[in-house]
Each structure stands twice: as C-alpha cells, then as structure tokens.
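Read the figures in this text as sums done on the coordinates, not as results from a lab. Since the structure is predicted, the reported quantities are computational estimates derived from the model, not experimental observations. Cβ sites come from the backbone with ideal geometry, for glycine too, and all protein chains shown count toward neighbours.
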Amino acid sequence: MGTRTLATPATFGVFETDAEVTGLVEIEEFYREFGYVLLRGLVPEELTARMERECAAAQAGVLAGELPERYGSTRYLDSADKIEKFVNYVEYVEELSPAVMTAATLPPLVTVIRRLIGDGAWLNGSDKAGIVYQDSRPGRESGYTRIGWHSDWQAMPSVDVWPGLAFTFHIDATSPANGFLRVVPGSHLWSTPAPYRNVNNVEVPPDARPAGGYTDTPPPFEMPLGFDRIPGEIAVYAERGDVILHDGYLWHSAARATDDTAVRRHVRGGYFGGDEANYRPQFIKNAAR
C-alpha cells in the first residue's frame, strides 16, 4: 500500500504559492469543500512592509483628525466612545495606501479568486464598501475586542451579487495571544437562514432571502448569537504576509486576544462574482443573525 500524508492543524488549508500560482486545482478543491484557503508566499515581504507603513500612517492621520471623516469608522466598534483615543479601523484605506490596492489586485491573487468565484469577479472597491485596515489590539484604549459568529452573506441577504469571498492580508501573525480566525469548515454548503436578530439594531431588509448557501441542506444547529463554541469549528492561524480567502456563506468569527498588549493588524476586503449592477450596501454588520 502507498503512504498517505495526512493534513495536520499546521497545514490544513495552507497552500504554499507564488506568482506562478502553483496548485490551483488543489486550492479550488479545498475551497469548494471547506469554504476557505490560506495562501502563503503569494505576497512579497516588501509589499507587506509597505502596507504596514502606509496603513499606520493613515491610522495616525485619522486619529489626529487630519483626514476626512470618510476614512474613520465607529460602525464595528464595541465601544464607540473610544474613537477619540484610538482608531481600530481605517475605511477605504486603498485610497490612502497604494500598497493596499497593489496587493488587492495582485495578478496571482486575482487568478485564484476568478478560479473560485468566476471570471467576472470584481473588487468591492472604493465606490462601494471599499477595503478596511483593522488594528485589533484589545487594550483599554481600544474599542474592539472580538466579532461573533456570522456569515458575510447575512450582511447583505437581499443583494444579488453572490457568490462572494473575503480576503485578509495579515500584517501580523496570529495566535491565541493576539486573536485569530475561527471557522466552521463546510458551513458554506449549508442553507443558513437570513438574520432574524441583529445585535447592532439594524433593521433586516424585508426583501431578504430566507436563506443562503450552496445547497438546500439546513444547518445541523443554530448559529450562536455570540461567541459560543460550535461543533467542528477550527482555528485558522496566519503568519505575517499570509492571505486568507473565505467564502461569503462560511460561518466565521474572531477570537479575542488573551494578551491585552498584543497587536493583530490586517487588511480586509472582498470580491463578488454576481452582477455588479445589483450591488447596494446594507451594513447589517457584524454579529448579524
């Protein structure tokens, strides 16, 4: 009998790649089955370093009041009164950081994305929701701690732009100390109900689809309203420079850092494969269920 190399927690979903985008078939197969992939080696360190510098400068500009309100955000904060002390989010950061736009449109990345959601995939750019820089440090000055279970589809359940996926460029490696992504592999295949309750008190659109997913199979259990453990969930740890792609129907959340002095910074945005003309923002983010 031949030997088989089993995936381990250190390698499950991790694909070493480069500008040649080797392993496209394997990447697609894993994504279709589990709803996410982690690409390692695709973003050059020089580009990650430029994103780090430019995003930090934008963050400082927002905090100092030197940039228009367009770039500051309190929409995703646990405690919006801390906005004058710290800036967790810089919105439309691609307008302030050329490196972010370069990363979001890297030809090898776009090649993978088109393989996953179609050749017509388009960036959710600055004329729409834009790209966000997130500094997720959990200290006392921060207005962010963690994000509860949700699928990105639940933020726009009546917009016909799907399939879609989110990308995250990791400036810092992740761990229990500084927080990490939690996912339920395969949950993108379930027919997840539209949010019936929203902790941000945003009204759910009356024309929302009743459920979203790639099959008609209902979830085997309800999505928790907060941060509870889900059977089958896993931690997805990233190294500096890694890119995580996850499907818009995938159940995911972010764990709170255990070290209040730790830092977790990343840049996130999305691509859609449906008709761009159907896009309209709804902002039912984030713990929308």
Handout entry: Karplus 3J(HN,Hα) series, Hz, for region 150-157 with 6.51 cos²θ - 1.76 cosθ + 1.60 (x for Gly, Pro)
Key = 6, 10, 5, 4, 5, 6, 9, x
Fill in the blank from the handout: Taking every alpha carbon pair in region 231-276 and sorting the distances into 10 angstrom bins from 0 up to the bin holding the longest one, the percent per bin comes out as 16, 47, 29, 7, 1
Problem - P(r), alpha carbons of the chain - 5 Å bins starting at zero, rounded % - result: 1, 6, 12, 17, 20, 19, 14, 8, 3, 1, 0, 0, 0, 0
Handout entry: Karplus-derived 3J(HN,Hα), 6.51/-1.76/1.60, for each residue of region 267-280, Hz, glycine and proline x
Key = 10, 9, x, x, 10, 10, x, x, 5, 4, 5, 8, 5, 8
Practice task
Could you list Met101, Met223 in order of exposure, starting from the residue whose Cβ has the fewest other Cβ atoms within 10 Å?
Solution key: Met101, Met223
Practice task
Would you mind telling me which residue in Tyr214, Tyr89, Tyr133 has the biggest mean-square fluctuation in a Gaussian network model of the chain, where springs connect alpha carbons within a distance under 10 angstrom?
Solution key: Tyr214
Problem - region 6-45 - Rg over Rh from alpha carbon coordinates, Kirkwood radius - result: 0.97
Fill in the blank from the handout: A correct fewest-to-most ranking of His188, His150 by other Cβ atoms within 10 Å would be His150, His188
Exercise for the section: Return Phe167, Phe180 ranked ascending by Cβ neighbour count within 10 Å, so the fewest neighbours appear first. Expected result: Phe180, Phe167
